[in-house]
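Bear in mind these aren't lab numbers, they're just calculated from the coordinates by the rules spelled out. Given the structure is predicted, the values throughout are model-derived calculations rather than measurements. Here the Cβ is made from the backbone with ideal geometry for all residues, glycine too, and neighbour counts use every protein chain on show.
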């Protein structure tokens with residue numbers, strides 16, 4: 001695509017509006033010689049004369065009139081758009097678009113949501129629950145929240161939680177009937193409910209830890225879901241053994257509709273991170289959310305130390 005020579009247009013427009021090079025220099029905050037040089041450079045790039053300068057006045061050539069009539073409103077519109085864009089970056093109100101999984105919402109965002117919204121009534125959150133790791137740039141999100149092991153290196157990442165516990169889970173009714181596994185290899189003889197990665201369309205690996213080493217086990221999937229909540233619900237319904245982050249299934253574990261098994265073999269998972277592209281660093285609403293989330297993270301860490 002051919003690049004249009006727009007450098008110096010602002011100088012040309014200022015000269016015409018002010019009626020002189022000195023007047024343009026005054027409103028632009030630069031010296032008159034610099035104004036003259038930039039005008040000359042613009043005319044050379046365009047290949048036409050734009051102004052006829054005399055000792056008493058400045059007149060537009062036909063080319064200059066065409067440029068002024070077309071560029072003046074367009075330049076004003078562009079300037080207004082740039083100002084509005086900068087205001088978005090510094091505003092204390094607006095809408096933040098976030099992409100996050102259900103687990104990320106439950107563990108990292110939900111505990112602070114009420115307090116954040118109360119503290120910043122001008123900010124709205126537009127949340128998209130997705131298990132898939134989407135391109136937040138392409139899809140128009142300001143940021144996302146995901147586990148740290150699946151983030152791309154090009155993103156700025158802020159840790160929101162400590163490392164997370166994982167859990168093999170099943171309904172007590174299923175375990176009473178099928179027996180409680182004592183070792184991960186016993187899962188091979190059980191009905192298992194697996195999670196299918198939405199983008200890769202493959203079953204997510206199941207890992208466990210034994211003697212300090214992370215090992216892989218691949219029991220057949222009697223049921224497979226492309227959402228973690230589907231796995232949890234099917235496990236609650238007694239269809240077999242599933243795997244989840246402990247925090248994601250916490251309510252069901254606490255009310256005893258799900259039972260944790262093989263706890264000594266559970267693998268520690270990475271923390272949740274908020275991540276965003278470098279160009280969003282100046283978005284003030286995002287900075288306020290990050291500050292709030294980090295303050296909450298640090299309070300939780302201090303409270304854990306005290307306990």
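Descriptive notes on the structure:
- Rounded tilt (10° steps) of 62-90 against the dominant C-alpha axis of the chain: 30
- With Cα atoms, 0 to 90° folded angle of helix 32-46 axis to the chain main axis: 80
- Segment residue 222-residue 118, length gained on full extension (0.36 nm per residue, minus Cα span): 32.9 nm
- Distance from segment 2-79 to segment 97-139 (C-alpha centre basis), Å: 48
- When 161, 54 are sorted by how many other C-beta atoms sit within 10 angstrom of their C-beta, beginning with the fewest, the order is 54, 161.
- Legend: calculated FRET efficiency, residue 254 to residue 78, from the Cβ-Cβ distance at R0 = 45 Å, rounded to 0.05, equals 0.20.
- Pairs of Cα atoms nearer than 8 Å and 6+ residues apart set the relative contact order; for the chain it is 21 percent.
- A P(r) calculated from all alpha carbon pairs of segment 9-90, with 5 Å bins opening at zero, reads 3, 15, 23, 24, 18, 9, 5, 3, 1, 0 percent.
- In a fully extended conformation the segment linking residue 52 and residue 205 would gain 47.6 nm over its present Cα-Cα distance, using 0.36 nm per residue.
- Compared with the dominant principal axis of the Cα atoms in the chain, helix 9-18 is inclined by about 50°.
- For the options 81, 295, 171, a Gaussian network treatment of the chain with springs between C-alpha atoms closer than 10 Å singles out 81 as fluctuating the most.
- Per-selection Kirkwood Rh - the chain (Cα, Å, 1 d.p.): 24.3
- Residue exposure sequence - 124, 196 - by fewest surrounding Cβ within 10 Å: 124, 196
- Once the gyration tensor of the Cα atoms in segment 164-269 is diagonalised, the equivalent ellipsoid follows with semi-axes of 17, 17, 14 Å, ordered largest first.
- Comparing Cα centroids, segment 223-298 and segment 176-202 end up 19 angstrom apart.
- log₁₀ of I(q)/I(0) at q = 0.21, 0.24, 0.25 Å⁻¹ - segment 113-186, Debye sum with one point per alpha carbon: -1.07, -1.23, -1.27
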